[in-house]
Amino acid sequence: MDARANARFVVITGLSGSGKSTALKALEDMGFYAVDNLPAELLPAFVNLPLEYVGEPFKAALVMDVRTPRFVEVFPPILQDLLIKGYSLELLFLEAEEDILIRRFSQTRRQHPLSEAGETLANGLRRERELLEPLRSQATQVLDTSRFTIHQLRKEIFRVYSRLAPPARLHVNLMSFGYKYGVPRESDVVMDVRFLANPYFVDNLRPLDGRDPRVVDYVFRQNTTGVFLNRFKDLLDFLIPLYHKEGKSQLTIAIGCTGGRHRSVAISEWLAKELKSPDCRVTLRHRDVELG
């Protein structure tokens, strides 16, 4: 069977500043192969790639817009030809109110792709809107992003295109670390476990790390450890779905002790087993275990 039979393509276009990059990143987080600023002339070649080599079902999201010369003339007939040939290709058109677009451009200090020397930004936006109006009428989906924050736009993209992709699992990255080497900059949630008794001060445990059963036994036989883990696990069970609901695709939870060798490692190993679920992909890294 031709691999293209199950392939799905979403072309994102619309007004400059309307959130096309955000939409593309959201679809990429949903498992779509993402391409930005593909020239319209290359679309037929792209949809005819030998997809059997990239896995099935193949899903791709492509941003195509007026940054490419002659886009408004070249793209519509190519789109129609591919649709007539039976390709599963959807057109997402993003737009926003003029004053919103002007404010966004002023915040980013970027130049509008159609602005000419000495011309106001408003004139460039109006000309772009006029040029794209015929394409807007052909869109499968039109989204006005004027009132959307970045997070709200991501959630709307997830809602609209979830039928083309299974719900993306949240990637929870657990990391143990030592405070003496600094808190990981990529951390979203940081937990300090230096309140637990330290195996470092037990002579026969000092050379070992938190993966050794003797260190694990020392850390977990403390009454405080069980009480803490029950409460911390309850907190994470509450927080993780909320982070996912807000469109976060990756969450880094950092567990720290003094040297990053004993307590934080043992606790992180336990959490890695407890947090695994069908809705959550968990990876574990011990950043400083060889240093502590």
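Here are the numbers:
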| read-out | value |
| --- | --- |
| Charged-residue dipole, Cβ positions (Lys, Arg, Asp, Glu), segment 64-208 about Cα centre, Debye nearest 20 | 560 debye |
| Set LYS59/LYS248; LYS155/LYS233; LYS25/LYS273; LYS180/LYS245; LYS20/LYS59 screened for pairs whose C-alpha atoms are more than 24 Å apart | LYS155/LYS233; LYS25/LYS273; LYS180/LYS245 |
| Geometric extent, Cα atoms of segment 170-286 - Rg, Dmax (angstrom) | 14.1, 47 |
| Given charges at beta-carbon only (K, R positive; D, E negative), |dipole| of the chain in Debye | 880 debye |
| Theoretical gain in end-to-end length, ALA197 to LYS273 [0.36 nm per residue, Cα-Cα removed] | 25.1 nm |
| Burial order of peptide ranges 87-99, 149-161, 272-284 (average beta-carbon count within 10 Å, highest first) | 87-99, 149-161, 272-284 |
| Segment 3-164 - convex hull of alpha carbons, volume per residue in Å³ | 109 Å³ |
| Percentage relative contact order, segment 213-292, counting C-alpha pairs under 8 Å, at least six apart | 29 percent |
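We did not get these values from a lab; they are worked out from the coordinates using the rules stated. Computed from a predicted structure; not experimentally measured. Neighbour counts are summed over all protein chains in view; Cβ atoms, including those assigned to glycine, are modelled from backbone coordinates with ideal geometry.
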